[in-house]
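**Q** One structure coming up, written as structure tokens, with questions to follow.
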Amino acid sequence: MNVAVQAVPRTSSAAAPPARLALLGTGNVGGEVLARLEQLGRVPGGGWSLVHVRNSRACISDRAGLRPTDAGERVRGQAIAAGALPEVPEALGHDGLRIIIDATASDAIAARHAEWLAAGIHVVTACKLGQGTSLERWRSIRAAADRGGAVYGDAATVGAGLPLIRSIRELVAGGDRILGIAGVLSGSLAWLFNHYDGLRPFSGFVRQARHAGYTEPDPREDLSGEDVRRKILILARSAGHELEEHDVRVESLVPQALARLAQGEVDASLAMLDGDMRARFADARKSGCSLRFVARLDQSCARVGLEALAADDPLAAGAGTDNRLAIEADRYRGQPLVIQGPGAGAAVTAAALVDDMLRIIRGPASHH
Ligand SMILES: NC(=O)C1=CN([C@@H]2O[C@H](COP(=O)(O)OP(=O)(O)OC[C@H]3O[C@@H](n4cnc5c(N)ncnc54)[C@H](O)[C@@H]3O)[C@@H](O)[C@H]2O)C=CC1
Ligand SMILES: N[C@@H](CC=O)C(=O)O
């Protein structure tokens, strides 16, 4: 039996129907979203009902409401083929507050964000393939959100929910120009370079970061700098710099031979990274520097790559998966605004998705 986990919204009348939710993706992040929803569902006042859960293999729907962790277990345990994507709006129904939470890394799903927004369905996403790829897709998402009156909740896409995109948008809305951005924007690469000691193989640390859920499903997305390219594009575009993907110069850490392999062959070949990383670590160490994977944007260009930073460089600080972003704006000239905190991990990312979802349910006054 499916148990509806829903409650009366705090801010609207008791008769208002709950927002209907669809969760796409039941992996590291999606699994944590379900756990968080389950926990929230025990507290009266949520104002939502989970009606659809799917992953790449299966899906489950119930307009009467699904119990989050139970639905997750059932979807993960099923081997039935997932229906075609148009079923997601069908499962949500045609009226009322409808929210799709995208916890996948699927380009096919990101390609649907604009269509869903245009239909008035709110989209909350951890996937950067919506706003961080082609400028055309970015524009269509922004335009569709305006047209459909729907919210695009994207806090989880950069900094795993740290207030990075929001701070940039607020500065711009307040009349500031964003003059420059520099930051460590990859939680997995931050973790790697905070732990790599030049003695044990770099590839072993990559495996640990993947098992901890910090990397993308294919860790080459992180190591190639592509994930950071998407993040700096999202920040730059939010700052009003409408860059194309090719406007960002990216230095990949992935040797050609590793880049060419099928995803299933990558783990066994990660040792291809070891020689070069050992040499770069030793070079940096000789001059008293630390390696950090840094993204930089100024008025004319953006670039992403590995840098050897002196110990007193503001971007060299931080621990674990910390992201660290320095923003120069009209009001922060010479002395940037610096924001730092954990920038990867299923728990923080899921919390950011749920926060965005709750902001939508609470209404415009809570949108920032
Ligand atoms: N892990 C992290 O620290 C962070 C992850 N993210 C983003 O969150 C997203 C998910 O990451 P993870 O949970 O780590 O990945 P994962 O590989 O653990 O889970 C991905 C899930 O998406 C599902 N999926 C794939 N294609 C699908 C499709 N067409 N339809 C429905 N479901 C589909 C898979 O079956 C799986 O359940 C990615 O876009 C990632 O960039 C964002 C911030 C931080
Ligand atoms: N793989 C990403 C996860 C968050 O976006 C990272 O390492 O930062």
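**Q** Filter the range 194-207 down to the residues that are touching a strand residue (DSSP E or B) at 6+ places or on another chain (Cβ under 9 Å) and open to solvent by 20 Å² or more (accessible area, probe 1.4 Å) and list them by number.
**A** Scanning the range 194-207 gives a single hit, 194.
**Q** Which is modelled with pLDDT under 95 and not assigned by the TED database to the domain that holds residue 133, of 201, 255, 217?
**A** Being modelled with pLDDT under 95 and not assigned by the TED database to the domain that holds residue 133 holds for just one of 201, 255, 217, which is 217.
**Q** Identify, please: which residue in the range 155-179 is open to solvent by less than 10 Å² (accessible area, probe 1.4 Å) and not aliphatic (A, V, I, L, M) and is, among those, farthest from residue 96 (Cα to Cα)?
**A** If we take residues in the range 155-179 being open to solvent by less than 10 Å² (accessible area, probe 1.4 Å) and not aliphatic (A, V, I, L, M), then 159 is farthest from residue 96 (Cα to Cα).
**Q** Could you say which residue among 292, 362 is under 23 Å from the mean Cα position of the chain (by Cα) and open to solvent by 60 Å² or more (accessible area, probe 1.4 Å)?
**A** 362
**Q** Here's a follow-up. Taking the stated definitions as given, is residue 183 in contact with a strand residue (DSSP E or B) (Cβ under 6 Å, 6 or more places away or on another chain), within 14 Å of ligand 2 (Cβ to nearest atom) and outside any helix (DSSP H, G or I)?
**A** Considered against the rule, which asks whether it is in contact with a strand residue (DSSP E or B) (Cβ under 6 Å, 6 or more places away or on another chain), within 14 Å of ligand 2 (Cβ to nearest atom) and outside any helix (DSSP H, G or I), residue 183 comes out as yes.
**Q** Sticking with this structure for a sec: Do you know which of the residues in the range 192-229 that are of a type in the set (A, V, I, L, M, F, W, C) and under 18 Å from residue 305 (Cβ atoms) is farthest from ligand 2 (Cβ to nearest atom)?
**A** Of everything passing the filter in the range 192-229, 202 is farthest from ligand 2 (Cβ to nearest atom).
**Q** Give the residue that is nearest to residue 164 (Cα to Cα), with candidates limited to residues of the range 295-325 that are of a type outside the set (Lys, Arg), open to solvent by 20 Å² or more (accessible area, probe 1.4 Å) and in contact with a Leu (Cβ under 8 Å, 6 or more places away or on another chain).
**A** 298
**Q** Quick one: which of 160, 119, 156 is touching a Pro at 6+ places or on another chain (Cβ under 7 Å) and within 13 Å of ligand 1 (Cβ to nearest atom)?
**A** 160
**Q** Yes or no: residue 73 of a type in the set (D, E, K, R), open to solvent by 50 Å² or more (accessible area, probe 1.4 Å) and free of Cβ contacts under 8 Å to residues at least 24 places away in the same chain?
**A** yes
**Q** Could you count how many residues in the range 1-36 are open to solvent by less than 30 Å² (accessible area, probe 1.4 Å), more than 22 Å from residue 209 (Cα to Cα) and either within 16 Å of ligand 2 (Cβ to nearest atom) or modelled with pLDDT of 85 or more (or both)?
**A** Number of matching residues: 6.
**Q** Can you name the number of the only condition in (1) modelled with pLDDT under 95; (2) assigned to a strand (DSSP E or B) that residue 368 fails?
**A** The one condition residue 368 does not meet is (2).
**Q** Regarding the range 270-281, can at least one residue be identified that is more than 30 Å from residue 257 (Cα to Cα) and modelled with pLDDT of 95 or more?
**A** no
**Q** Considering each residue of the range 190-220, count those that are farther than 17 Å from residue 347 by Cα, in a helix (DSSP H, G or I) and among the aromatic types (Phe, Trp, Tyr), and give that number.
**A** Final tally of qualifying residues: 3.
**Q** Taking the residues in the range 94-108 that are touching a strand residue (DSSP E or B) at 6+ places or on another chain (Cβ under 6 Å) and aliphatic (A, V, I, L, M) as candidates, determine which candidate is surrounded by the fewest Cβ atoms within 10 Å (Cβ to Cβ).
**A** If we take residues in the range 94-108 being touching a strand residue (DSSP E or B) at 6+ places or on another chain (Cβ under 6 Å) and aliphatic (A, V, I, L, M), then 97 is surrounded by the fewest Cβ atoms within 10 Å (Cβ to Cβ).
**Q** Let me ask you something else. Could you check, for the range 66-73, whether at least one of its residues is more than 16 Å from residue 27 (Cα to Cα) and among the charged types (D, E, K, R)?
**A** Looking for residues that are more than 16 Å from residue 27 (Cα to Cα) and among the charged types (D, E, K, R), one finds at least one in the range 66-73, hence yes.
**Q** Just for the range 171-207: of the residues that are touching a Leu at 6+ places or on another chain (Cβ under 7 Å) and of a type in the set (Phe, Trp, Tyr), which one is farthest from ligand 1 (Cβ to nearest atom)?
**A** Step by step, filter the range 171-207, then rank; the result is 202.
**Q** Restricting to the range 231-245, what's the tally of residues that are open to solvent by 40 Å² or more (accessible area, probe 1.4 Å) and within 13 Å of ligand 2 (Cβ to nearest atom)?
**A** Adding up the residues that qualify gives 0.
**Q** Test residue 210 against the stated conditions and say whether it is without any contact (Cβ under 8 Å) to a residue 60 or more places away in the chain, open to solvent by 10 Å² or more (accessible area, probe 1.4 Å) and either away from ligand 1 (no atom under 11 Å from the Cβ) or not assigned by the TED database to the domain that holds residue 154 (or both).
**A** Yes; evaluated as a whole, the condition is true for this residue.
The values are calculated or read from the model by the stated rules, or taken from the named source; none is laboratory data. The structure presented is a predicted model; accordingly, all values stated were derived computationally and were not measured. Virtual Cβ from ideal backbone geometry, glycine too; neighbours counted across all protein chains shown. Side chains included, ligands, DNA and RNA excluded: accessible areas come from the protein's heavy atoms. Shrake-Rupley method; radii C 1.70, N 1.55, O 1.52, S 1.80 Å.
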